[in-house]
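Trainee: I have a structure here, written as structure tokens, and I will follow up with some questions on it.
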Amino acid sequence: MTVIASSTKEVAMSKATIRKQILVTAKNEAGMLAEIASIVCAAKVNMTGICAWEEGNQAKFALLTDNNAKTMSAFSAKGMQAVEQEVVTIMLEDKIGSLDEIAQKIKKSGISLDYCYGTTCGCKGSSSLLVLISKENAKVISSING
């Protein structure tokens, strides 16, 4: 783990790691976010990241959770399509330039990303979660971690 010095305190920055996100395909209709959230909540699982978008008449939800097995089981019980997908995650210091540093490393390696998403609170001394998806996840990790 790398430690980044900041003016107020030290913030630990994790190395890039491989995780599994859950990709849920659902009907693209009003209230679907509430339905997805209710299913995860009823399974007593914590979502640590979420990204959602539409593809035609379908809604796609990419979820990071603290218990994928329970989450997958909950979606299956509701008859919803859900699959696990390998992603790269990294915790960044929540400050100007953190994303740029990572993006430049990936660019230098010539890796194409399929998509990415992240979280941030904009709070001094906090961290941000960045999720990257590529057909070359191992290469992404190598380019970030050095």
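The values are calculated or read from the model by the stated rules, or taken from the named source; none is laboratory data. Only a predicted model underlies this, so the values are computations on that prediction, with no experimental measurement involved. Cβ coordinates were reconstructed from backbone atoms using ideal geometry, including for glycine residues, and neighbour counts include every protein chain displayed.
Trainee: So how many residues does the stretch 60-77 have that are more than 23 Å from SER112 (Cβ to Cβ) and either touching a residue at least 40 places away in the same chain (Cβ under 8 Å) or among the hydrophobic types (A, V, I, L, M, F, W, C) (or both)?
Mentor: Initially, the stretch 60-77 is screened for residues more than 23 Å from SER112 (Cβ to Cβ), giving 61, 63, 65-77.
Those left that are additionally either touching a residue at least 40 places away in the same chain (Cβ under 8 Å) or among the hydrophobic types (A, V, I, L, M, F, W, C) (or both): 61, 63, 65, 68-69, 71-72, 74-75, 77.
Of the residues in that region, 10 qualify.
Trainee: Which of (1) in a strand (DSSP E or B); (2) loosely packed, with under 14 Cβ neighbours inside 10 Å; (3) among the basic types (Lys, Arg) does LYS44 not meet, given it meets every other one?
Mentor: For LYS44, the exception is condition (1).
Trainee: Separate question: Taking the options GLU86, GLU101, GLU93, name whichever one is among the acidic types (Asp, Glu), surrounded by fewer than 14 Cβ atoms within 10 Å (Cβ to Cβ) and under 16 Å from the mean Cα position of the chain (by Cα). Walk me through how you get there before you give the answer.
Mentor: Working: GLU101 fails: under 16 Å from the mean Cα position of the chain (by Cα); GLU93 fails: surrounded by fewer than 14 Cβ atoms within 10 Å (Cβ to Cβ).
Being among the acidic types (Asp, Glu), surrounded by fewer than 14 Cβ atoms within 10 Å (Cβ to Cβ) and under 16 Å from the mean Cα position of the chain (by Cα) holds for just one of GLU86, GLU101, GLU93, which is GLU86.
Trainee: Still on this structure: If I ask for residues that are closer than 22 Å to LEU63 by Cα and hydrophobic (A, V, I, L, M, F, W, C), which ones from the stretch 104-136 would you list? Write out each step before concluding.
Mentor: Going residue by residue through the stretch 104-136, those that are closer than 22 Å to LEU63 by Cα are 112-122, 126-136.
Selection gives LEU113, CYS116, CYS121, LEU129, LEU130, VAL131, LEU132, ILE133.
Trainee: Of the residues that sit in the stretch 85-111 and are in a loop (DSSP other than H, G, I, E, B) and under 22 Å from GLN21 (Cβ atoms), which one is modelled with the highest pLDDT? Quick ask: steps written out before the conclusion?
Mentor: Restricting attention to the stretch 85-111, the residues satisfying the condition of being in a loop (DSSP other than H, G, I, E, B) are 94-97, 110-111.
Subset that is under 22 Å from GLN21 (Cβ atoms): 94, 111.
Working: ASP94: 85, ILE111: 96.
In this case the residue turns out to be ILE111.
Trainee: Inside the stretch 61-84, can you point out the residues that are assigned to a helix (DSSP H, G or I), among the polar types (S, T, N, Q) and under 11 Å from ASN46 (Cβ atoms)? Even if it seems obvious, please write down each step before you answer.
Mentor: In the first step, residues of the stretch 61-84 are kept if they are assigned to a helix (DSSP H, G or I); the result is 68-77.
Checking the rest, the ones that are also among the polar types (S, T, N, Q) come to 68, 71, 73, 76.
Matches in the stretch 61-84: THR71 only.
Trainee: For the stretch 78-94, name all the residues that are among the hydrophobic types (A, V, I, L, M, F, W, C) and without any contact (Cβ under 8 Å) to a residue 60 or more places away in the chain. If you could, list the steps in order and put the result at the bottom.
Mentor: Applying the first criterion (among the hydrophobic types (A, V, I, L, M, F, W, C)) to the stretch 78-94 yields 80, 82-83, 87-88, 90-92.
Answer for the stretch 78-94, where residues must be among the hydrophobic types (A, V, I, L, M, F, W, C) and without any contact (Cβ under 8 Å) to a residue 60 or more places away in the chain: just MET80.
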